[in-house]
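Taking it in order: structure first as structure tokens, then the write-up.
The values are calculated or read from the model by the stated rules, or taken from the named source; none is laboratory data. Quick caveat: nothing in here was measured; it's all calculated off a predicted structure. Reconstructed Cβ throughout: ideal geometry from the backbone, glycine too, with neighbour counts over all protein chains shown.
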Amino acid sequence: MIFNQIDGIQLTRDNFSVLLGQDSYTIGLADLNAGVATSNGMTITLDKTSLTENPVFRTAIIDQGSQKIGYLMYNSFTSNFDEQLNDAFGTLQSAGVTHLVLDLRYNGGGSVNTSIILGSLIAGQPTTDVFSTEEWNPDVQEFFENNQPDRLTNFFKTTTNAGTALNTLGLSKVHVITTGSSASASELVIAALEPYVDVIQVGDDTAGKFQASITLYDSSDFGRSGANPAHRYALQPLVLKSINSAGFTDYFNGLAPDIALREDFENLGILGDINEPLLAACLQDIMANGRPSFNKSSIQYDELSGSMELKPFSQEMWKETELGDYLISQ
């Protein structure tokens, strides 16, 4: 089921962004079959409100034969919810899962530090193992190499920033669901795990974003502390690119799936349900221990934009760090 009307007006390429920008509106639902949308008379009224979303959207334990398979849908790398992410892995750990399906299909990225935590929760690598390295512009790179070389290397972790021990699974294989909306920090997790874990990517090509930004405030050292309270804006420049421990980076065209299967808008299914097509593909691959074949939709739809793209820093990756020492020295 889809919606194809707002306040009785048919959605088009030209009007959808304006109609969706209202504070309150009523959507008209339709059934989609063979590429044809037919209104079914059902409506839903929506009112705009402020919402702090927990990115840990769904956690489930799936019993398939003798296998316990964990499922986690994670929608944003938000550091304020690192403890909730760790708790979700605690649930998976307590259940004794031996496989994990990580659903990043709508995850546009976020915090580099949170991506390190997620990768650490999956793999459980020692803190001496490199998660990723960073390449800045030549001036900053030289400064860090000469003065703070540790800032250029990100290692696996055993605790959250709050000091809580990570509920690591220590897996040797993980299935990751991706689409074109999977970007930046989502891609970093996949790339960073590849040298250590058998990553089976299921779905569609990712967005292809491997650069990260930092925040520069109006303060003496460009940090948030002491920032001018009269200025409500800050700069968010792209400053570095991420490289995995094997030297892999520059994936401009995204990361290609091992099992290619695009979302079928006529059969989206229910997220987390074992019959949802992308999750079902992961489960079949786990149980078959091979590459099953799947029925693919003969109709392909153009995607104009997604709801995640309306959020600040959509499909961006940022580093929670400050450049005060370098910037002041210049």
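Listed by first and then second residue, the pairs linking a residue in region 1-14 that is outside any strand (DSSP E or B) and surrounded by 13 or more Cβ atoms within 10 Å (Cβ to Cβ) to a residue that is at pLDDT 90 or above and of a type in the set (Val, Ile, Thr), with Cβ atoms under 8 Å apart and 6 or more places separating them unless they lie on different chains, are 7/26.
In region 17-43, the residues that are under 19 Å from residue 267 (Cβ atoms) form Cβ pairs under 7 Å with partners that are outside any helix (DSSP H, G or I) and charged (D, E, K, R), at six or more places apart or across chains, as follows: 32/266; 33/266; 38/31; 40/31.
Is there any pair with a first residue in region 244-261 that is assigned by TED's automatic domain parsing to the domain that holds residue 130 and a second that is aromatic (Phe, Trp, Tyr) and buried (at least 17 other Cβ atoms within 10 Å of the Cβ) whose Cβ atoms are under 9 Å apart and which are 6 or more apart or on different chains, and what are they? Cβ pairs passing all conditions: 244/131; 245/131; 245/196; 249/210; 250/210; 251/210; 252/210.
Looking only at region 48-57, decide whether some residue is farther than 30 Å from residue 111 by Cβ and surrounded by 12 or more Cβ atoms within 10 Å (Cβ to Cβ). No, the conditions are met nowhere in region 48-57. Being in contact with a strand residue (DSSP E or B) (Cβ under 9 Å, 6 or more places away or on another chain), surrounded by fewer than 20 Cβ atoms within 10 Å (Cβ to Cβ) and within 21 Å of residue 247 (Cβ to Cβ): is that true of residue 153 here? Yes; evaluated as a whole, the condition is true for this residue.
Against the test of being of a type in the set (Ser, Thr, Tyr), under 22 Å from the mean Cα position of the chain (by Cα) and part of a loop (DSSP other than H, G, I, E, B), the options 182, 186 yield a single qualifying residue, 182.
Table: residues versus (1) over 27 Å from the mean Cα position of the chain (by Cα); (2) not in a loop (DSSP other than H, G, I, E, B).
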residue: 25; (1), (2): yes, yes
residue: 41; (1), (2): yes, yes
residue: 45; (1), (2): yes, yes
residue: 49; (1), (2): no, no
residue: 59; (1), (2): no, yes
residue: 63; (1), (2): no, yes
residue: 68; (1), (2): no, yes
residue: 71; (1), (2): no, yes
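Checked across region 288-299, the condition of being within 30 Å of residue 18 (Cβ to Cβ) and modelled with pLDDT of 65 or more holds for at least one residue.
Filtered by the rule that a residue be in a loop (DSSP other than H, G, I, E, B), modelled with pLDDT of 95 or more and within 22 Å of residue 181 (Cβ to Cβ), region 212-260 gives 248, 249, 250, 251, 252, 253, 254, 255, 256, 257, 258.
Exactly one condition in (1) among the hydrophobic types (A, V, I, L, M, F, W, C); (2) at pLDDT 95 or above; (3) not assigned by TED's automatic domain parsing to the domain that holds residue 110 is not met by residue 18; state its number. In the conditions (1) among the hydrophobic types (A, V, I, L, M, F, W, C); (2) at pLDDT 95 or above; (3) not assigned by TED's automatic domain parsing to the domain that holds residue 110, residue 18 misses (2) alone. Confirm whether residue 96 is in contact with a strand residue (DSSP E or B) (Cβ under 7 Å, 6 or more places away or on another chain), exposed (fewer than 14 other Cβ atoms within 10 Å of the Cβ) and within 17 Å of residue 172 (Cα to Cα). Criteria met by residue 96.
Of the listed requirements (1) assigned by TED's automatic domain parsing to the domain that holds residue 280; (2) in a strand (DSSP E or B); (3) of a type in the set (D, E, K, R), residue 82 misses just one: (2). For residue 124, the stated conditions do not hold, so it cannot be described as of a type in the set (Gly, Ala, Ser) and surrounded by 21 or more Cβ atoms within 10 Å (Cβ to Cβ). With respect to the conditions (1) out of contact with any Ser or Thr (no Cβ under 6 Å at 6 or more places or on another chain); (2) in contact (Cβ under 8 Å) with a residue 24 or more places away in the chain; (3) under 23 Å from residue 279 (Cβ atoms), residue 59 falls short on a single one, namely (1). Only one of the listed residues (146, 167) is more than 16 Å from residue 100 (Cβ to Cβ) and surrounded by fewer than 22 Cβ atoms within 10 Å (Cβ to Cβ). That residue is 146. Is there a residue being touching a Ser or Thr at 6+ places or on another chain (Cβ under 8 Å) and among the small types (Gly, Ala, Ser) anywhere in region 150-164? Checked region 150-164: no residue is touching a Ser or Thr at 6+ places or on another chain (Cβ under 8 Å) and among the small types (Gly, Ala, Ser). Can you work out which of the residues in region 201-213 that are of a type outside the set (Asp, Glu) and surrounded by fewer than 20 Cβ atoms within 10 Å (Cβ to Cβ) is nearest to residue 71 (Cα to Cα)? Looking at residues that are of a type outside the set (Asp, Glu) and surrounded by fewer than 20 Cβ atoms within 10 Å (Cβ to Cβ), I get 208.
Restricting attention to region 142-179, the residues that are under 18 Å from the mean Cα position of the chain (by Cα) and of a type in the set (Ser, Thr, Tyr) total 2.
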